[in-house]
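Structure first, commentary second.
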Amino acid sequence: MGGKTGPNPTDRGKRGAKRSVLTDGRGTPIGVALAGANCNDHLLMRDTLDGLGAERPRPTRRHKQHLCLDKGYDYAEPRRLAATFGFTLHLRTRGEEAKAKRRRGAKARRWVVEAAHSWTNRFRDLQIRWCKKSENYLALTHFAFGIIAWRQCLPG
């Protein structure tokens, strides 16, 4: 494979790629960063936030912009990055999720990102990386994100 690949720790060390995706509240993917499969999620956070394709409005006291992260981001650097980019951080610390009792009928917060990954994996060239060049894979990812966003704008 080409650049931005690495040994996958869950697949007998085969080379693989990782997509770190930033979504809006509805699950529409709006930013992406690529790396090898062996790269930790929190190390991709700056690249993911920098990969935001559009100019975002400035957060204010009245109109905050929230950033929800899972316990894989429970490090000092993601906290600093969230403050630098002006996000209000919602981060489950390690061990907190097991202790927290879920309210009846409450939805999990991570479903929007999981939906974006599912929609992206429906594109065959992205589910299994066939591109040798990381630039081509990134271009196909952006193309798929455009199609996903367009589909969400359609009525029905």
Name the pairs whose Cβ atoms lie under 6 Å apart, with the first residue in segment 6-25 and closer than 21 Å to Gln152 by Cα and part of a loop (DSSP other than H, G, I, E, B), the second of a type outside the set (D, E, K, R) and modelled with pLDDT of 70 or more, and 6 or more positions between them or separate chains? Asp24/Ile30
Could you tell me whether any residue of segment 65-74 is assigned to a loop (DSSP other than H, G, I, E, B) and open to solvent by 50 Å² or more (accessible area, probe 1.4 Å)? no
For the subset of segment 103-123 comprising residues that are at pLDDT below 85 and under 12 Å from the mean Cα position of the chain (by Cα), which member is nearest to Leu69 (Cα to Cα)? Arg110
How many residues does segment 22-48 hold that are under 19 Å from Gly86 (Cα atoms), open to solvent by less than 20 Å² (accessible area, probe 1.4 Å) and touching a strand residue (DSSP E or B) at 6+ places or on another chain (Cβ under 7 Å)? 4
With Leu89, Leu126, Leu154 as the choices, which residue is at pLDDT 90 or above and open to solvent by less than 100 Å² (accessible area, probe 1.4 Å)? Leu89
Could you list all residues from segment 111-156 that are basic (Lys, Arg) and touching a strand residue (DSSP E or B) at 6+ places or on another chain (Cβ under 7 Å)? Arg129
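The values are calculated or read from the model by the stated rules, or taken from the named source; none is laboratory data. All of these numbers come straight from a predicted model, not from anything done at the bench. In this analysis, Cβ positions are derived from the backbone assuming ideal geometry, glycine residues included, and neighbour counts consider all displayed protein chains. Quick note on the areas: whole protein, heavy atoms, side chains included, nothing else; ligands and nucleic acids left out. Shrake-Rupley method; radii C 1.70, N 1.55, O 1.52, S 1.80 Å.
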